[in-house]
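Engineer: Let me give you the structure first, and then I'll get to my questions.
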Amino acid sequence: MSGRFGLWTVVLLLQPVGLSAQAALTGIVREDSSKTPVAGVEVVIQALNKKSTTDSAGRFALGGLAHGTHSVVVRAIGYRPIALRAYLVTNDTLEVELKITRAPVVLPPLEVTATAIPRGLETFEERRTSGIGQFIDWTSLRRQEHRRTSDLFREISGVRVRYNRFGQPILVSSRGDCPMQVFLDGLAIFKPAAGSASPPSIDLWSIADLDAIEVYRGPAETPMQLGGTGGNCGTVVLWTRRH
């Protein structure tokens, strides 16, 4: 036995079985010491992305295999894995009996990583876990406090910074050049609509004043609780600093 896998010599018994011009590998896996069939053992041909798991009788079956030599890995938690090469013949089933040996399972030291989510940002963290949208958290914002908030948004995909007639930077969608709706700490402070007030200057809030930012580029990304017609041009959620 060498390396991680022990290469076993197995007695291979050929039994002709018609399988539509394909080969099959079947057999039983037993525990070496007790000869008891072992359930839950994986028999894997990684090159073909094929896998079978032994049943309560220790049996497995892999069908639809090509003619030729295949590398097979046999593995189960608590047992030493083994590797073998099986030569398969078209329209034949190769039946094998394999024996695996128990091995102690050495678990790595338990590593606990604590993530301190600032109070009030649980909703931000839940939406970030969904993977839809763009998220900037407090750790990133703390490193960028020397910048203007509008400069930060210039680097965010799907967002453009445009200046209103007073020379103030506002956020618009890069798709439709229309104002994005803005939420502050979960409450809507701007929703684009006919006759509505002008979008707020994004530089009203410095990066030092913020703990997190969410950006959704359009209605397809905007979460339901932030949706409605106001989200047609995208949504920005600002979370003010609380720690």
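The values are calculated or read from the model by the stated rules, or taken from the named source; none is laboratory data. Quick caveat, the model's predicted, so the values are computed rather than measured. In this analysis, Cβ positions are derived from the backbone assuming ideal geometry, glycine residues included, and neighbour counts consider all displayed protein chains.
Engineer: Would you please name the residue that is surrounded by the fewest Cβ atoms within 10 Å (Cβ to Cβ), looking only at residues in the range 222-232 that are in contact (Cβ under 8 Å) with a residue 12 or more places away in the chain and within 14 Å of residue 183 (Cβ to Cβ)?
Structural biologist: Restricting to residues being in contact (Cβ under 8 Å) with a residue 12 or more places away in the chain and within 14 Å of residue 183 (Cβ to Cβ), the top hit is 228.
Engineer: Residue check, residue 93 against (1) assigned to a loop (DSSP other than H, G, I, E, B); (2) at pLDDT 90 or above; (3) β-branched (Val, Ile, Thr), all met but one. Which one?
Structural biologist: Evaluating residue 93 over (1) assigned to a loop (DSSP other than H, G, I, E, B); (2) at pLDDT 90 or above; (3) β-branched (Val, Ile, Thr) leaves (1) as the failure.
Engineer: Scan the range 83-105 and give yes if some residue there is farther than 17 Å from residue 34 by Cα, of a type in the set (A, V, I, L, M, F, W, C) and in contact with a helix residue (DSSP H, G or I) (Cβ under 7 Å, 6 or more places away or on another chain), otherwise no.
Structural biologist: Looking through the range 83-105, none of the residues is farther than 17 Å from residue 34 by Cα, of a type in the set (A, V, I, L, M, F, W, C) and in contact with a helix residue (DSSP H, G or I) (Cβ under 7 Å, 6 or more places away or on another chain).
Engineer: While we're on this one: Only residues that are exposed (fewer than 15 other Cβ atoms within 10 Å of the Cβ) and acidic (Asp, Glu): list them for the range 117-150, please.
Structural biologist: 122, 125, 126, 145
Engineer: What's the number of the condition residue 116 fails, among (1) out of contact with any strand residue (DSSP E or B) (no Cβ under 9 Å at 6 or more places or on another chain); (2) modelled with pLDDT of 90 or more?
Structural biologist: Looking at each condition in turn, residue 116 falls short on (2).
Engineer: I need the full set of residues from the range 167-203 which are exposed (fewer than 13 other Cβ atoms within 10 Å of the Cβ) and at pLDDT 90 or above, in order please.
Structural biologist: Once the filter is applied, which keeps residues that are exposed (fewer than 13 other Cβ atoms within 10 Å of the Cβ) and at pLDDT 90 or above, the range 167-203 yields 167, 187.
Engineer: Contact list please: Cβ distance under 9 Å, first residue in the range 142-171 and among the charged types (D, E, K, R), second residue surrounded by fewer than 18 Cβ atoms within 10 Å (Cβ to Cβ) and assigned to a helix (DSSP H, G or I), pairs at least six apart or on different chains.
Structural biologist: Pairs that qualify, where the first residue is among the charged types (D, E, K, R) and the partner is surrounded by fewer than 18 Cβ atoms within 10 Å (Cβ to Cβ) and assigned to a helix (DSSP H, G or I), are 142/208; 145/208; 148/203.
Engineer: Name the residue, out of 126, 97, 42, that is without any contact (Cβ under 8 Å) to a residue 12 or more places away in the chain and either in contact with a Gly (Cβ under 9 Å, 6 or more places away or on another chain) or acidic (Asp, Glu) (or both).
Structural biologist: Within the list 126, 97, 42, the selection yields 126.
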